[in-house]
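What follows is a set of notes on a single structure, which appears directly below.
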Amino acid sequence: MDTLISKVPTPSYLVFQRQLERNLKILSTLQRETGAKILLAQKCFSMFHFYPLIEKYLSGTASSGLFEAMLADEYFDGENHVYSPAYRPDEIERIAAICDHIVFNSFNQLKKFYPAVKHKSIGLRLNPEHSTQAHAIYDPCSPTSRLGVRLKEFAQNIDQLDRLDGLHIHTLCEQNSDALDETVAALEKNFGGWLGRMKWLNLGGGHHITRSDYDIDRLKRIIARLKRNYDVEIYLEPGEAVALNAGVLVTTVLEVQPSVDGISNVIVDASAACHMPDVIEMPYRPPIKNSARIGEKAFNYRLGAATCLAGDVIGEYSFDAPIREGDRLVLEDMAIYTMVKNNTFNGMNLPAIVAVDDENNFEIVRAFGYNDFKGRLS
Ligand SMILES: *Cc1c(COP(=O)(O)O)cnc(C)c1O
């Protein structure tokens, strides 16, 4: 691993086949034992280099719109589900041509596009109006949410239900099966009377199934009960759980500044704003290999990017040895919500994308440069 880290260009994302496959095996076992179907939520991880591997284990993909659906159509052999808060009229025909399951966010959208998609399996996203998390920006059940149909509106449109094969919810984010249990209880309380008329129920993403403390048995019980009580096919569409802990971001230290407040600012060639925006959005502090919390080890640093944004700070860390210019740091759990969110703010280069096979051989799948920055600007 250390020789590998010293050989790759920086910044670069390394994605490990072995770790990905570990997650995929857990998910495929779950599919086999429950009969539920699991889809890759591409918005989280779309490194299609690995789609031939992923399609061996999962049933298909979940797309956020036309482009992700096209990527799946091109590279992933499986079911192609799509959900968008609002489809574009100029894209719906194309979507209908390549997707087998199309989920609408409102009755208005369903009515507007029904003629174009009526030969497909059609679903409707519901808002079960039950929040289980505190991150407002990741809570589709917040009081002002635009995501999903609330019970009141649903009850006024039951004349449309014959057009639906399925219902869809997505309310969780990095959560365990206890949160799903509560959410499903809210769903059944509000919409249970109609579930039995459906062919399928999609429980969305946000299930951290491959995390070590995830209660898979509880998830299995929920799936079994739903199948038994309503005779529906169950879909899950996790993103994070597929590529959790499957990748790192390798960065080089460009400068170590003198300490300001007992902590030295270190400038690296990766940026939170450009290469890991969730660090700022969520916010969270990504783990770094061989580091600890501030004050726990002898040498303390605050890591920031070579951008002009004062808040482009990755986090504060302590290490056993001093950090020097040219050192490489390994930021962990960087396969998810990173490559898919990258930008070139400040003219920062995009990290290279590197695949590591199960014998630790690496392949630079894609490297970027000036033209990738320029190409989006004029
Ligand atoms: C984001 C999202 C997912 C995947 O969520 P993860 O937290 O990555 O598991 C699945 N379905 C929908 C509708 C989403 O918006």
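When Pro85 is tested against (1) more than 30 Å from Asp178 (Cα to Cα); (2) within 16 Å of the ligand (Cβ to nearest atom); (3) in contact (Cβ under 8 Å) with a residue 12 or more places away in the chain, just one condition goes unmet, and that condition is (1).
In the set (1) surrounded by fewer than 23 Cβ atoms within 10 Å (Cβ to Cβ); (2) aromatic (Phe, Trp, Tyr); (3) within 16 Å of the ligand (Cβ to nearest atom), the condition left unmet by Phe48 is number (3).
Count of region 270-312 residues, restricted to those that are of a type in the set (A, V, I, L, M, F, W, C) and in a helix (DSSP H, G or I), is 5. The strands (runs of 3 or more DSSP E) located wholly in region 1-115 include none with 1 or more residues which are out of contact with any strand residue (DSSP E or B) (no Cβ under 9 Å at 6 or more places or on another chain) and of a type in the set (Val, Ile, Thr).
Output yes when any residue across region 1-13 is under 17 Å from the mean Cα position of the chain (by Cα), more than 30 Å from Arg163 (Cβ to Cβ) and touching a residue at least 12 places away in the same chain (Cβ under 8 Å), and no when none is. So far as region 1-13 goes, yes, one or more of its residues are under 17 Å from the mean Cα position of the chain (by Cα), more than 30 Å from Arg163 (Cβ to Cβ) and touching a residue at least 12 places away in the same chain (Cβ under 8 Å).
Search region 216-252 for residues being in a loop (DSSP other than H, G, I, E, B) and near the ligand (Cβ under 10 Å from one of its atoms), and hand back the single one that is farthest from Tyr83 (Cα to Cα). This residue is Leu244. For the criterion of being within 16 Å of the ligand (Cβ to nearest atom) and free of Cβ contacts under 8 Å to residues at least 12 places away in the same chain, Tyr284 passes. For region 186-202, does any single residue satisfy the condition of being free of Cβ contacts under 8 Å to residues at least 24 places away in the same chain, more than 15 Å from the ligand (Cβ to nearest atom) and in a loop (DSSP other than H, G, I, E, B)? No, region 186-202 contains no residue that is free of Cβ contacts under 8 Å to residues at least 24 places away in the same chain, more than 15 Å from the ligand (Cβ to nearest atom) and in a loop (DSSP other than H, G, I, E, B). Can you tell which of Lys56, Lys43, Lys112 is touching a Pro at 6+ places or on another chain (Cβ under 9 Å) and of a type in the set (Lys, Arg)? Lys112 is the lone residue from the list that is touching a Pro at 6+ places or on another chain (Cβ under 9 Å) and of a type in the set (Lys, Arg). Applying the condition of being modelled with pLDDT of 95 or more, within 16 Å of the ligand (Cβ to nearest atom) and among the hydrophobic types (A, V, I, L, M, F, W, C) to region 106-143 and asking which residue is farthest from Ala62 (Cα to Cα) yields Leu126. Among the residues of region 144-162, is there at least one that is within 11 Å of the ligand (Cβ to nearest atom) and in contact with a Cys (Cβ under 7 Å, 6 or more places away or on another chain)? No: zero hits. For region 130-178, filtering for residues that are touching a Lys or Arg at 6+ places or on another chain (Cβ under 8 Å) and surrounded by fewer than 17 Cβ atoms within 10 Å (Cβ to Cβ) leaves 4.
The values are calculated or read from the model by the stated rules, or taken from the named source; none is laboratory data. Bear in mind the structure is a predicted one, so any value in this text is a computation, not a measurement. Please note: Cβ atoms are built from the backbone with ideal geometry, for glycine as well, and neighbour counts cover all protein chains shown.
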